6 protein chains.
Amino acid sequence: MSKVEEFNDYRQKMNDKILSENNKVIKRIFNIDTNTYVDGALDAKTKELMGLVASAVLRCDDCIKYHLEAVYKMGVTREQMMESMAVSTLVGGSIVIPHLRRAYEYWEELEQSTIDK
Amino acid sequence: MSKVEEFNDYRQKMNDKILSENNKVIKRIFNIDTNTYVDGALDAKTKELMGLVASAVLRCDDCIKYHLEAVYKMGVTREQMMESMAVSTLVGGSIVIPHLRRAYEYWEELEQSTIDK
Amino acid sequence: MSKVEEFNDYRQKMNDKILSENNKVIKRIFNIDTNTYVDGALDAKTKELMGLVASAVLRCDDCIKYHLEAVYKMGVTREQMMESMAVSTLVGGSIVIPHLRRAYEYWEELEQSTIDK
Amino acid sequence: MSKVEEFNDYRQKMNDKILSENNKVIKRIFNIDTNTYVDGALDAKTKELMGLVASAVLRCDDCIKYHLEAVYKMGVTREQMMESMAVSTLVGGSIVIPHLRRAYEYWEELEQSTIDK
Amino acid sequence: MSKVEEFNDYRQKMNDKILSENNKVIKRIFNIDTNTYVDGALDAKTKELMGLVASAVLRCDDCIKYHLEAVYKMGVTREQMMESMAVSTLVGGSIVIPHLRRAYEYWEELEQSTIDK
Amino acid sequence: MSKVEEFNDYRQKMNDKILSENNKVIKRIFNIDTNTYVDGALDAKTKELMGLVASAVLRCDDCIKYHLEAVYKMGVTREQMMESMAVSTLVGGSIVIPHLRRAYEYWEELEQSTIDK
């Protein structure tokens, strides 16, 4: 199983468990989360890229991975991903760099997982 | 060895080493840490739950684990734990969700470790 | 007009404007915000105190004021408020102290605004 | 003098003083800052919106103002600004809301300052 | 009254009130705070500069002011202060810049308040 | 391969890949990063220690490791490292403690890796 699949499997398994608890607040936040990154006055791709930048400056590796996969599937190029991470590293500072390394590694895994299929 | 024991063993081993350095400031912070979550105008359980929420919004997995174990031992229910994490996720945003997943997993490990005994 | 009224008036005025924009995501987050701090497996007072602690460690003065007023109206004592801020200062560190000063000042204003009525 | 002018005047005055100190690291960071939000694989508008989102989730009012003005001048609509702030509030949590209020107020001032001219 | 005196007066007045509450945890944190920035394996000046950098990357204006005054009185030069802020801006990112502007302004006030005496 | 070598190898490998992308903003931030921790009005050792403190309060384990190795090679003693971490833990709060544990562990690995050679 690739690292991409591993990440998604764990994410899905735990989300299912959490949602089965029927905590209304959490269920609604998960629901909004799904309905935010959609076409509107700004297109879905721009919003997912914003989600990536927000995740990067807040230094949340799992959030970065999630948005990386989303934008990768939407056809964002490596150059565009790098420019998004550049904005993040400028605004968030050199402490973003370790997350940039892991983001870059995950991007390679996304590319690899597509080739493998 | 369960993940709960592993976490506690590492924590204890490193704390012992750190305290043996005799750095006064660190020793005193560790000492306050022990003496904060006690009954007072608010009871210890409420304070430990506050510690959990503070750890969750600051997204510190090890701190979350520590407070999860404390409240678990004090008889906090799964539903109460979920409501605490719901406040944390609302205030701290969707970047708290990956920590919620790991918190939920650790809670299961706490339940399992009790059954195993 | 007291500082408490000033804060609430500005807050209400801007919230009304923001909600009138009909952004679905924002409206739903505001809606969840209202429905989180209610009685459940944990009582509303405990959740508002958690909201206070979360706001304090994330160092959001306006959020602190909002939860201070909520817990003040629920009958939380000064001693209980101080213990909540103590947990926050321990977990969040000495950078929380300037926010503790402003929190304490706002608590005095809440007490004064009640006396004045 | 409008609040927009006031903000820009203070910003410019202090930047000039800081740059006159000839600290190489700071000068170069300021220089990169100017050269990041330009057309590339992503257009300048998208990058400025990313700067806005990054500033919002990191809760930096002055940074928010700066990027609001930039995107306002580039023709970003109120609806697009609101969608950017919606992503920020979802990812960053309810603690972003006080900054959303001030952002909205500043957007009104930007609109007003244009009408006044 | 200068801005430096104003800041110190407010700080002192609120600290006195807070300490009079006799919350043990808070009193002990205040006490450690006083006893950390002292000569040891590292000298007090280095520690105060570290306090400045920590405050800057955590973007706490009041904490920055406090440490600026401490290092100013210890004879730290403007160039050394700028180098400390440069490390902070590199590590913490461009969101530190608004705090750098206010730090620089406060440094000027410290210089002015000395001249005035 | 020791944990120190492992960390450095991964870091170097990923940095090389990232820099090969030729993103100007990122290349320049990496370049500044290299040129900040040098002798100036403050010496390089003081700046690296500041980098350590900034990394610790922002809770970036990889950044902490990087600066720990730098100061270790510059002859910083264990006692001085502990005093730097003490300032960090005071300013950043008890959530810094898990990072202190990992920092201490890495310091031991640095000492061990020197003995092994």
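FYI, it's all coordinate maths here, none of it is from the lab. It should be emphasised that the depicted structure is a prediction, and the values quoted were computed from it without experimental measurement. Counting neighbours? That spans all protein chains shown, and the Cβs are built from the backbone with ideal geometry, glycine included.
Given the criteria surrounded by 16 or more Cβ atoms within 10 Å (Cβ to Cβ) and out of contact with any Ser or Thr (no Cβ under 9 Å at 6 or more places or on another chain), does residue F:81 qualify? Yes, satisfied. The one condition from (1) free of Cβ contacts under 8 Å to residues at least 12 places away in the same chain; (2) surrounded by fewer than 23 Cβ atoms within 10 Å (Cβ to Cβ); (3) more than 14 Å from the chain's Cα centre (by Cα) that residue D:34 does not meet is (3).
Condition test on residue F:44, is it small (Gly, Ala, Ser), surrounded by fewer than 18 Cβ atoms within 10 Å (Cβ to Cβ) and either more than 9 Å from every other protein chain (Cβ to nearest Cβ) or within 16 Å of the chain's Cα centre (by Cα) (or both)? Answer is yes for this residue.
Would you check if residue D:7 is surrounded by fewer than 19 Cβ atoms within 10 Å (Cβ to Cβ), more than 14 Å from chain B (Cβ to nearest Cβ) and touching a residue at least 40 places away in the same chain (Cβ under 8 Å)? Spelling it out, residue D:7 is indeed surrounded by fewer than 19 Cβ atoms within 10 Å (Cβ to Cβ), more than 14 Å from chain B (Cβ to nearest Cβ) and touching a residue at least 40 places away in the same chain (Cβ under 8 Å). Is it fair to say residue A:87 is buried (at least 19 other Cβ atoms within 10 Å of the Cβ) and more than 13 Å from the chain's Cα centre (by Cα)? Considered against the rule, which asks whether it is buried (at least 19 other Cβ atoms within 10 Å of the Cβ) and more than 13 Å from the chain's Cα centre (by Cα), residue A:87 comes out as yes.
Once the range E:10-36 is narrowed to residues that are within 16 Å of residue C:106 (Cα to Cα) and of a type in the set (Asp, Glu), the residue that is farthest from the other protein chains (Cβ to nearest Cβ) is E:16. Checked against (1) among the small types (Gly, Ala, Ser); (2) touching a Leu at 6+ places or on another chain (Cβ under 6 Å); (3) surrounded by fewer than 24 Cβ atoms within 10 Å (Cβ to Cβ), residue B:75 meets all criteria but (2). Which residues, counting only those in the range C:75-84, are over 15 Å from the mean Cα position of the chain (by Cα) and closer than 21 Å to residue F:93 by Cα? Residue satisfying the conditions is C:83 alone. Looking across the range C:97-117, the residues that are of a type outside the set (Asp, Glu) and within 15 Å of the chain's Cα centre (by Cα) come down to C:99, C:100, C:101, C:102, C:103, C:104, C:106, C:107, C:110. Among the residues of the range E:71-109, those that are in contact (Cβ under 8 Å) with a residue 24 or more places away in the chain and under 18 Å from residue D:13 (Cβ atoms) comprise E:78, E:85, E:99, E:100, E:102, E:103, E:106, E:107, E:109. Within the range E:53-65, is there a residue that is among the β-branched types (Val, Ile, Thr), away from chain A (no Cβ under 14 Å) and surrounded by fewer than 18 Cβ atoms within 10 Å (Cβ to Cβ)? Scanning the range E:53-65, I find no residue that is among the β-branched types (Val, Ile, Thr), away from chain A (no Cβ under 14 Å) and surrounded by fewer than 18 Cβ atoms within 10 Å (Cβ to Cβ), so the answer is no. Please tell me if residue A:22 is assigned to a helix (DSSP H, G or I), among the polar types (S, T, N, Q) and farther than 24 Å from residue D:50 by Cβ. Here the answer is no, as residue A:22 does not meet what is asked. Among the residues of the range F:61-74, the ones that are more than 8 Å from the chain's Cα centre (by Cα) and of a type in the set (Lys, Arg) come to 1 in all. Considering only residues in the range D:66-115 that are small (Gly, Ala, Ser) and closer than 17 Å to residue C:16 by Cα, the one that is farthest from the other protein chains (Cβ to nearest Cβ) turns out to be D:103. Each residue in the range B:1-18 was checked for being over 19 Å from residue F:92 (Cβ atoms), assigned to a helix (DSSP H, G or I) and of a type in the set (A, V, I, L, M, F, W, C), and 2 pass. As an exercise: evaluate residue D:1 against (1) away from chain E (no Cβ under 11 Å); (2) touching a residue at least 40 places away in the same chain (Cβ under 8 Å); (3) not acidic (Asp, Glu) and give the number of the one condition it does not meet. Residue D:1 satisfies all of (1) away from chain E (no Cβ under 11 Å); (2) touching a residue at least 40 places away in the same chain (Cβ under 8 Å); (3) not acidic (Asp, Glu) except (2). For the range F:36-63, a residue qualifies if it is closer than 22 Å to residue D:24 by Cβ and of a type in the set (A, V, I, L, M), and the qualifying residues are F:38, F:41, F:42, F:44, F:49, F:50, F:52, F:53, F:54.
If you filter the range D:12-31 down to residues that are within 22 Å of residue F:33 (Cβ to Cβ) and crowded, with 19+ Cβ neighbours inside 10 Å, you find that the one that is farthest from the chain's Cα centre (by Cα) is D:23.
For the range E:37-51, a tally of residues being closer than 14 Å to residue F:91 by Cβ and touching a residue at least 24 places away in the same chain (Cβ under 8 Å) returns 3.
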